[in-house]
Amino acid sequence: MSHQPTSMSPWSGAQIAAHPHPPAQRSEWQTLLDAGRTGAMVGTAGAVAMNLQRMEQGGITWQAALRGTAQAGLYAGIATAAATAVGRMAGHNPILTTVASLTTGAAVMYALTTRRKERGDA
């Protein structure tokens, strides 16, 4: 029995069906959409936890909790996508990337929530 090396590419055979495009070919838009989706999930999870506590304490109705949770998830998704875009433009310096991303995310969340309060949605 001889062992002959085979030259299989990681993108050959069955993996082609599962991954039609190698990860290196992902578009910038797809990266930002994925970041926004992740931010929305995390923001929604945090808002659910906070709003459940507020509901238990009698501070808000379930309708207000549902609306606030959906809005927080949306805002978190937008802020995360914006922070990701700016962070990716900041280059390969990890400190600059982190500062740029955090600053952008905070600024977007501030702008969205300030606008919400001005309209009286608090």
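Quick notes on this one:
- Matching residues in the range 103-122 - criterion: being at pLDDT below 95, farther than 17 Å from ALA47 by Cβ and open to solvent by less than 50 Å² (accessible area, probe 1.4 Å): THR114
- Residues in the range 66-102 that are β-branched (Val, Ile, Thr) and either farther than 17 Å from TRP29 by Cβ or at pLDDT below 95 (or both): THR69, ILE95, THR97, THR98, VAL99.
- Neighbours by Cβ (under 6 Å, 6+ apart or cross-chain): first from the range 26-37, among the basic types (Lys, Arg); second open to solvent by less than 40 Å² (accessible area, probe 1.4 Å): none
- Subset of the range 70-102 that is part of a helix (DSSP H, G or I) and without any contact (Cβ under 8 Å) to a residue 12 or more places away in the chain - its residue that is surrounded by the most Cβ atoms within 10 Å (Cβ to Cβ): THR97
- Scanning the range 1-48 for residues that are loosely packed, with under 11 Cβ neighbours inside 10 Å and either at pLDDT 80 or above or in contact with a Leu (Cβ under 9 Å, 6 or more places away or on another chain) (or both) yields a total of 3.
The values are calculated or read from the model by the stated rules, or taken from the named source; none is laboratory data. Predicted, not measured: the structure shown is a model, and the values here were computed from it. A quick note on method: Cβ atoms are made from the backbone with ideal geometry, for glycine too, and the neighbour counts reach across all protein chains shown. Calculation scope for accessible area: heavy atoms of the full protein, side chains included, ligands and nucleic acids excluded. Shrake-Rupley method; radii C 1.70, N 1.55, O 1.52, S 1.80 Å.
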